[in-house]
Every structure is written in structure tokens, then in C-alpha cells.
Amino acid sequence: MTFIGRKAALLLTAFGALWTTPAQARDFEVSHAMVPYVYRYAACVFNAGLGETEARIAQCQRLRTQIMAHSQPVFALWHRGEQPRRARQFTRILDQLESEARIADQERKTVPEPIISYFKCMSGPTINSEDFVSGVVICFTELNRVCNGAIGLTGTEVENCRAERLMQRLRLSGNEHYSAGGVPRGITYRRGFLGLHRLPSDDE
């Protein structure tokens, strides 16, 4: 094989590896005010009961539109002085949730139903809280106690192991008060929202 032939073969091999390797999840950074919306959207895009990946994501677009509309006046209070940057960040976050849902399905790492229930339990009451929408306080601790107590692990051993690891990562606590002039705090999830690299697959 000529030098050009060998070089072309190597390039094709490298390209093929890039094409077949799933995208790696990036660090996932959110402000506290974004968390309830992130959990609500996650409850949709990771819910295997809604069908196959692309059909599910398409079905969740209506919810995404509602979330974007509802969050705008709320973020104007919580993200004062940095709304444009935060708006762009939030759009990327929702996109990343969709991408991670695709990766989870490719790797056969289904999100267990108890986690979907936890997402809904932690998000709905917060989003509908007057204190939250008024930009006063976000209360996670008491709600987490209620939601955590209402969720039982009734799946297979692998499903329960995956649920327990996800709960360790995604359990919320603490209260966030608005502080005028303060730097808004946030949460960083390393290597994606779910940390798929740590989860056993459906086949294990």
C-alpha cells in the first residue's frame, strides 16, 4: 500500500470511530432557579413509558415551549442583570437533556420509574410556588423529604441499583434565597446530568 493509501485508510478508520462512538456528556451546570424546570423536562425526555427516543422528545416539545414561557418572568427575578446569558444557557441545558436521553437509550441505561416520579414530585410544587415565581425563596429540603418518602424501589436488582445511584446524585436539599447584589449559586453535575458513566446498563 502506498503512503497516500495508508494515510487515507487511517483517516477513514479514525472517522469511522468518531462516527460510531456516542457523544460524551459534558458537565451540566444550572442555577438553582433552573433546577425545577430541568427536573420537570427531565421527567418527560427520560420517561421510557412515553415511547421511543425521538418520538418521546418530539412529544415533549410542547412541554418545552410551556417551560420556556413560564420561566422567562421567573428568571427575570432570579437572574437580574444577566437574563440574556442565562436564557442562552437554559436553552443549551434543555438541548443537552435531549442529547443525554439519546445517549441513555443508545447505552441501554433506562431511567427507572421512581426517578421519573421524583423529578415530577420535586418540580411541580416548586414551579407552582408563589415564593418561587416571586423570586423570594426556593425550598428543596422539606419537599425532598416528602418526595423521597413517597418513592419505593420495586424494580429488578439492576433497576434498583441504578435508581439508588441516581438518587445519590440528584437528591435536592437546602433552601435558596434571593440575594440582591449577590452571586447566584448553582449546581454542577460532572459528565452530564445523570452521570451515565456510573450507571449499570439494562443488560447487566
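Below, the figures for the structure above:
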read-out: Residue in region 6-29 that is touching a helix residue (DSSP H, G or I) at 6+ places or on another chain (Cβ under 6 Å), part of a strand (DSSP E or B), open to solvent by less than 50 Å² (accessible area, probe 1.4 Å) and at pLDDT below 95 present; value: no
read-out: Pairs where the first residue, in region 161-177, is more than 12 Å from residue 118 (Cβ to Cβ) and among the small types (Gly, Ala, Ser) and the second is open to solvent by less than 90 Å² (accessible area, probe 1.4 Å) and not in a helix (DSSP H, G or I), C-beta under 9 Å, 6+ apart; value: 173/140; 174/32; 174/138; 174/139; 174/140
read-out: Residue list for region 120-142, filter: part of a loop (DSSP other than H, G, I, E, B) and open to solvent by less than 40 Å² (accessible area, probe 1.4 Å); value: 129, 135, 140
read-out: Residues of region 185-201 classified as at pLDDT 85 or above and either under 11 Å from the mean Cα position of the chain (by Cα) or not in a loop (DSSP other than H, G, I, E, B) (or both), total; value: 10
read-out: From 173, 117, 71, residue being outside any helix (DSSP H, G or I) and either farther than 15 Å from residue 32 by Cα or not charged (D, E, K, R) (or both); value: 173
read-out: Criterion: at pLDDT 90 or above, of a type in the set (Lys, Arg) and within 19 Å of residue 49 (Cα to Cα) - qualifying residue of 145, 102, 171; value: 102
read-out: Cβ-Cβ under 6 Å pairs, at least 6 apart or on other chains, region 114-127 side modelled with pLDDT of 95 or more, far side open to solvent by 10 Å² or more (accessible area, probe 1.4 Å) and among the basic types (Lys, Arg); value: 123/40
read-out: Residue match in region 173-186 (condition: of a type in the set (A, V, I, L, M, F, W, C), over 23 Å from residue 71 (Cβ atoms) and out of contact with any strand residue (DSSP E or B) (no Cβ under 6 Å at 6 or more places or on another chain)); value: no
read-out: Total residues in region 74-87, condition open to solvent by 80 Å² or more (accessible area, probe 1.4 Å) and either in a helix (DSSP H, G or I) or closer than 18 Å to residue 128 by Cβ (or both); value: 2
read-out: Residue match in region 166-184 (condition: polar (S, T, N, Q), open to solvent by 40 Å² or more (accessible area, probe 1.4 Å) and more than 30 Å from residue 81 (Cβ to Cβ)); value: yes
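The values are calculated or read from the model by the stated rules, or taken from the named source; none is laboratory data. Being a predicted model, the structure only gives us computed values, none of them experimental. Here Cβ is always computed from backbone atoms with ideal geometry, including for glycine, and neighbour counts include all displayed protein chains. Accessible surface is based on the protein model in full, side chains and every heavy atom, while ligands, DNA and RNA are left aside. Shrake-Rupley method; radii C 1.70, N 1.55, O 1.52, S 1.80 Å.
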